[in-house]
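The values are calculated or read from the model by the stated rules, or taken from the named source; none is laboratory data. Bear in mind the structure is a predicted one, so any value in this text is a computation, not a measurement. Glycine also receives a Cβ, built like all others from the backbone with ideal geometry; neighbour counts cover every protein chain displayed. Note: areas computed on protein heavy atoms with side chains; ligands, DNA, RNA excluded. Shrake-Rupley method; radii C 1.70, N 1.55, O 1.52, S 1.80 Å.
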Amino acid sequence: MTALALALAEWAHDLRPEPADLELADRSLRDTVAVALAASGHPVTRLAAGLPDGARWAVAAHVLDFDDLHMESTAHISALCVPAALATGGGARGYLAAAGVMARLGAALGWPHYSAGWHATCTAGAPACAAGAAVALGLDPERIATAIVLAIPGAGGVQRAFGTDAKSLQAGFAVDAGIRAAALAGAGAQADWSALAAWMSLVGGDPGAVNLAGPAIPGGLAIKIYPCCYALQRPISALAELSGSLTPGSVCRIVLRTPEATVAPLIHHRPDTGLQGKFSLEYAAAAALLDRHPGFASFTDDAVRRPAARRLAGLVETELSPGGSWLLDGELAAEVHTDGDVLGVKQQFPPGAPQRPPAAEQLHAKLSDCVARLDADPSSWTWDSAAGVLARFLPAGGGR
């Protein structure tokens, strides 16, 4: 029986992307680089300035929580796999090799792994970045398998980091672990390929559930419309539909009904910082009603501390139905009570979900907002030029 690490390595080595795969890769490149540039002045990005290129770029791509998500694995694939590919010169094929391994590992780790408190972006991400970097280095399947296994010590990350600097930093560490593992495998380091399946079982995954069939990234990727946790995309989108029909000051009660799985990462109920606000259902509801389209300005420390936002957040009641196995399980039902009326809305898929892809104008607006204060044109970026763009705006050692 072929070891799982070798099976994934052979898949990555033999990958020949289809046109639809390459189209998704190009969209992911533009989205990820734009989001990273938007974070060029963020304090955590500055803290990470001393990290190697791939790790530094991944921190910037993840710190605003505006990067894409693979629903089946609950993992932020492109924030790790785009920087890994660009740092190693892997291009679209290197990205898709890493992303495909990450999607498959993450899906096999499954909801029990995520709901136990692991940050699947990092646990699935380190071995995946090793695979992508190894493909970029031109390694054979045996050495790609070794790289995947050598990255396992870096496959950590927990959800208690959400709302802190550590969330994006641990994403950077995963990229660095993967690139380092590929370099070591290329230099001749050896490892036991069975360690991948053993590790998966230890952290609650099912090695037998890894499925190599389908497109490069099975299920596609969800694009975020709002710069916050994906679990907030649906409640914000739903409540924003009501915001034009009411005055926030007249709201006296907000009721949100949703399966409990859909709020798993929303651990900050009374946030005090912008980063915490990105993982707060209560604050997101307030921001949706106050700002209609919450953007970067909605997730600053000052915005989270607005008296109007704190008042509305205090009015939020959640009614969670048991169970669920992903962030868009079931549907969200929202009620907003005012002095004389009750407004209601239901939603299953928010804009940007694979089932509801972003319109061209939505994606253009997002990318334009990300680079609004920079001399950069997302439409011109390619896999050959994007590393230079990141090096220009996110230089090593900081300092612009």
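General observations
- Calculated Rg and Dmax of the range 22-73 using C-alpha coordinates, Å: 11.6, 33
- More than 18 angstrom apart: percent of Cα pairs within the range 169-318: 68
- Residue-count net charge about Asp341 - beta-carbon cut-off 12 Å; Lys, Arg +1, Asp, Glu -1: -1
- The orientation-averaged projected area of the convex hull spanned by the Cα atoms of the chain comes to 17.9 nm².
- Relative contact order for the range 84-163: 37 percent, from Cα pairs under 8 Å spaced at least 6 residues apart, divided by residue count.
- Neighbourhood net charge (15 Å Cβ-Cβ; Lys/Arg +1, Asp/Glu -1) for Leu4: -3
- On the range 250-322, 53 percent of the accessible area sits on carbon and sulfur atoms, based on a 1.4 Å probe.
- Within-12-Å neighbourhood charge of Leu24 [Cβ basis; K, R +1; D, E -1]: -4
- Angle in degrees between helix 4-14 and the longest Cα principal axis of the chain, rounded to the nearest 10: 90
- Each listed q (0.14, 0.16 Å⁻¹) maps to a log10 I(q)/I(0) for the range 15-106, found by the Debye formula over equal Cα scatterers with no solvent: -0.46, -0.59.
- Highest-fluctuation residue, Asp192, Asp26, Asp339 considered, GNM on the chain with Cα pairs under 10 Å: Asp339
- Of the solvent-accessible surface of the range 112-243, computed with a 1.4 Å probe over protein heavy atoms with every protein chain present, carbon and sulfur atoms account for 59 percent.
- Where only alpha carbons of the range 311-399 are counted, the Rg and the Dmax (Å): 20.5, 58
- Listed residues Leu105, Leu363, Leu343, most fluctuating in the chain (Gaussian network, C-alpha, under 10 Å): Leu343
- Percent carbon-and-sulfur accessible area, the range 1-82, ignoring ligands, DNA and RNA, probe 1.4 Å: 55
- More than 19 Å apart - percent of Cα-Cα pairs taken over the range 231-366: 48
- Charge dipole of the chain (Cα centre as origin; +1 on each Lys and Arg Cβ, -1 on each Asp and Glu Cβ, all else neutral): 760 debye, rounded to the nearest 20.
- Positive end of the dipole of the range 342-400 (Cβ unit charges, origin at the Cα centre): among Gln347, Phe393, Ala376, the Cα lying farthest that way belongs to Gln347.
- Listed peptides 81-91, 201-211 by packing density, highest first (mean Cβ within 10 Å): 81-91, 201-211
- Highest-MSF residue in the chain out of Pro265, Pro141, Pro153 [GNM, Cα springs under 10 Å]: Pro153
- Protein heavy-atom accessible surface, 1.4 Å probe, per residue over the range 120-253: 32 Å².
- Remark: the Cα gyration tensor places the range 15-172 in the rounded category, a/c being less than 1.5.
- Rg of the Cα atoms in the range 146-244, relative to 2.2 N^0.38 Å, amounts to 1.45.
- The simple spin-label model puts a point 7 Å past each Cα toward its Cβ; for Ala359 and Leu374 those points are separated by 2.7 nm.
- MRE, 222 nm, helices only [DSSP H, n ≥ 4, -39500 (n - 2.57), over the chain, to nearest 500]: -15000 deg cm²/dmol
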